[in-house]
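Report on one structure; see the data block that follows.
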Amino acid sequence: MTFSTVAEPLTIGGIAGLLMLGFVVILWPKLDRPLALLGAIASGLYAWPLLLTSEPIALTLLDRFGVNLVADSLGGYFILTNAIVTAAVVLYTWQAPKTTFFYSQLLILHGSLNAAFLCADLVSIYIALEVSGIAAFLLIAHPRTDRSLWVALRYLFTSNVAMLFYLVGTVLVYQNSQSFALAGLKTAPPEALAFILLGLLVKGGVFVSGLWLPLTHAESETPVSAMLSGIAIKASILPLLRCALVSDDLELIVRIVGVATALFGVTYAVLEKDTKRMLAFHTVSQLGFVLAAPIAGGFYALSHGLVKSALFLMAGSLPDRRFPVLQEQRIDRWLWIPLAIASLSISGLPPLAGFAAKALTSKDLWPWQSVLMNVAAVGTAISFAKFLFLKPAPGPQAATFTPNGGFWAAIALLLGGLVVGNGFYLEAYTAESIVKALLTLGAGWLIYWTIVRRLAVKLSQVAEEFDHLLGAMGLTSIALFWMALSW
Amino acid sequence: MLEAFIFAVILLGFLGTIFKQNLIMKIVSMDVMSTGVIAYYVLIAARSGFFTPILPETARAVDYADPVPQAVILTAIVIGFSIQALMLVGTMKLARDNPTLETHEIEKSMVSQPQSTSKSHRS
């Protein structure tokens, strides 16, 4: 029995089952943690055969007005990331005083993200994204402080307005091709493309329209940040990749936006002095890497999701959020070692998955892109030198760090995934790409040590104000319209 | 003509979300915008005809409306309504400490509020 024969019941059952599990957990509070872990493991098992299938399995429910699902290896990478990140978050919070409601929302978010990675028509994508948005809102607002409420409201408001634009684009596509399938984008009018791309770009935290992201990801609780930055943000990145694969014009737009995002995010990340905000801005830049090479995007998203959620979990255990303060003190050696491994992976040091992902991406880049992406890669090395050059304490003297078993289990899972993840692309290990990776790292560390360490530029946060976020959305839609019109 | 009106509603709603200071007004503007979007779906469904698309035993030779956009927008209405409800509940909670609900004021208080003391009250 091959996978494709059981794909339909497995896929539909998997999506529905995970969402149902989210509600069952409420009724069975004692089993909340094991059930959440079970859900994550189930989608991890589902992702494996997807990674091995060469041909995408397209499922059309009802007829051509119905729901289209696509199970392919691109989506498989995202589902695997989702499974590992969710499992790590559950392990991390195993001994924490989290309520059952937290796990219920975590499972619903997990299930809706899986749905978003499988949907292949515009309306199903809309529904999956909105459900994941609501679940993310509830997770962010869960502490119910004024601050978390405001951050969550701001997130839901921005993403809902963006999705309204997306809906307008969707109906324009329908009017043109009498179907909601993604293939309709090929012949769609430019205004439809502009609206759909606007919705996905804002929701995915890309370029200027994604400036809502840093505050949201940096101010949430540690496990929620890890979940949001590790996987939730990629829910609208995969539909963008699928759009890019539909037509050449869209691919060009997505690639341009990807390069712009990578440079934009990394500039902020280099200059940022706050650990969690730096990680959040760096997420923006990594989304750019995923978009810049649509076919290789899946593997990059996997390696980034693992490393970023590990970094967010560890940043939550650092004695302070500010880099200048951290540089003054010594941090626990046992925290520094995994922090260094994660930083090295994301900067692209072999033999970690970050290196293989960067090599695979750079193979798929167009010539004009690679120059700019190399600059962005150096920027990544500079940003993460901030973590690497923290001083580890020689003995177990730092008393501020009290990890529990759950923390170590989560970190071991994520970092282990980074090493195993190499297996997806062993051909990356050529002399040329290893030398290139080492040069990038060396250049990044040199620039950090000589310039950035002493730099005291504080970037204004004005553009992150609520009104400006919405205004930027208007400007982005105009820019996208002209891009779509002129190509 | 109708299309122009609908786009005017969407645009006015969007401008309202930007230019209204009060959080409640922003949420209401968003609702205006989503009303516009829903109306646009209904308009496109009615392009082919106005007759309700219910097939009787003997089909009649009239212009039926397109059922697909209507079916789709029904889901979007439900989603929009639930998001609206969630946001209003969140706003209610926020109103306790920020009675004016002006977004600038809320943002300012978030910046001045230090990280550690932000967990001041739980309800």
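Evaluating 6.51 cos²θ - 1.76 cosθ + 1.60 at θ = phi - 60° for every residue in region A:267-278, the Karplus couplings come out as 4, 4, 5, 5, 8, 6, 10, 10, 4, 5, 5, 4 Hz, glycine and proline recorded as x.
Measuring max minus min along each principal axis, the C-alpha atoms of region A:342-455 give extents of 50, 38, 20 Å (largest first). In this structure B:M25 has an accessible area near 80 Å², from a 1.4 Å probe over the protein heavy atoms. Counting only DSSP H runs of at least 4 residues, each contributing -39500 (n - 2.57), and dividing by the residue count of chain B, the helix-based mean residue ellipticity at 222 nm comes to -22500 deg cm²/dmol. Sequence-ordered 3J(HN,Hα) estimates for region A:100-112 from the Karplus curve with 6.51, -1.76 and 1.60 and θ = phi - 60° stand at 4, 4, 4, 6, 4, 5, 4, 5, 5, 4, 4, x, 5 Hz, glycine and proline given as x. Going from the chain on its own to the full set of protein chains, region B:80-102 has these residues losing 40 Å² or more of accessible surface (heavy atoms, 1.4 Å probe, no ligands, DNA or RNA): B:I83, B:L86, B:M87, B:K93, B:L94.
Interface burial in region A:113-138 reaches 10 Å² or more for A:V123, A:Y126, A:I127, A:E130, A:I134, A:F137, A:L138, comparing the full protein assembly with the chain by itself; accessible area from heavy atoms with a 1.4 Å probe. Mean per-residue shielding of peptide A:471-482 is 1, counting Cβ atoms of other chains within 10 Å of each Cβ.
Is the shape of chain A rounded, prolate or oblate, going by the alpha carbon gyration tensor and its root eigenvalues a ≥ b ≥ c, with a/c under 1.5 for rounded and a/b larger than b/c for prolate? Taking the square roots of the gyration eigenvalues as a ≥ b ≥ c, chain A is rounded. The 3J(HN,Hα) values that the Karplus relation (6.51, -1.76, 1.60; θ = phi - 60°) gives for region A:66-72 are, in residue order, x, 8, 9, 10, 10, 9, 9 Hz. Gly and Pro appear as x.
For region B:1-97, the square roots a ≥ b ≥ c of the C-alpha gyration tensor eigenvalues yield an a/c of 1.5 or more together with a/b not exceeding b/c, which makes the shape oblate.
DSSP beta bridges confined to the protein assembly as shown are antiparallel in about 75 percent of cases.
Using C-alpha pairs under 8 Å with a sequence gap of at least 6, the mean separation divided by the residue count of chain A gives a relative contact order of 16 percent. Using the Cβ-Cβ distance between A:Y429 and A:T53 with R0 set to 25 Å, the FRET efficiency works out to roughly 0.50. Working from label points 7 Å from Cα in the Cα-to-Cβ sense, the A:K186 to A:W368 distance is 2.5 nm.
Pairs of alpha carbons in region A:256-450 separated by more than 20 Å make up 52% of all such pairs. Heavy-atom accessible area buried between chains A and B is around 4100 Å² (1.4 Å probe, both sides summed). Taking the accessible area of chain A, probe 1.4 Å, and keeping the other protein chains in place, the carbon and sulfur fraction comes to 70%. Positive end of the dipole of the protein assembly as shown (Cβ unit charges, origin at the Cα centre): among B:H104, A:L287, A:A194, the Cα lying farthest that way belongs to B:H104.
Which helices, taking whole DSSP H runs in chain B, have alpha carbons extending 15 angstrom or more along the helix axis plus mean Kyte-Doolittle at least -0.5?
Helices passing the filter in chain B: B:2-19, B:23-45, B:67-95.
Sorting A:W482, A:W408, A:W449, A:W150 on solvent-accessible area from highest to lowest, probe radius 1.4 Å, gives A:W482, A:W449, A:W408, A:W150. A 1.4 Å probe run over chain A, with the rest of the protein chains in place, finds 34 Å² accessible per residue.
Amide H contacts of A:D121 (H built 1.01 Å from N, in plane; Pro and chain starts excluded): A:N68 sit under 5 Å, all sequence-distant by 5 or more or on other chains.
Compute the Cα gyration tensor for region A:69-117, then decide on rounded, prolate or oblate, letting a ≥ b ≥ c be the square roots of its eigenvalues: rounded whenever a/c is under 1.5, prolate when a/b is larger than b/c in the other cases, and oblate in all that remain. Oblate, since a/c reaches 1.5 and b/c is not below a/b.
The values are calculated or read from the model by the stated rules, or taken from the named source; none is laboratory data. In this text, all values refer to a predicted model and were calculated from it rather than measured experimentally. Positions of Cβ are backbone-derived with ideal geometry, glycine not excepted, and every protein chain shown enters the neighbour counts. To get the accessible areas, we keep the full protein, side chains included, count just its heavy atoms, and leave off ligands, DNA and RNA. Shrake-Rupley method; radii C 1.70, N 1.55, O 1.52, S 1.80 Å.
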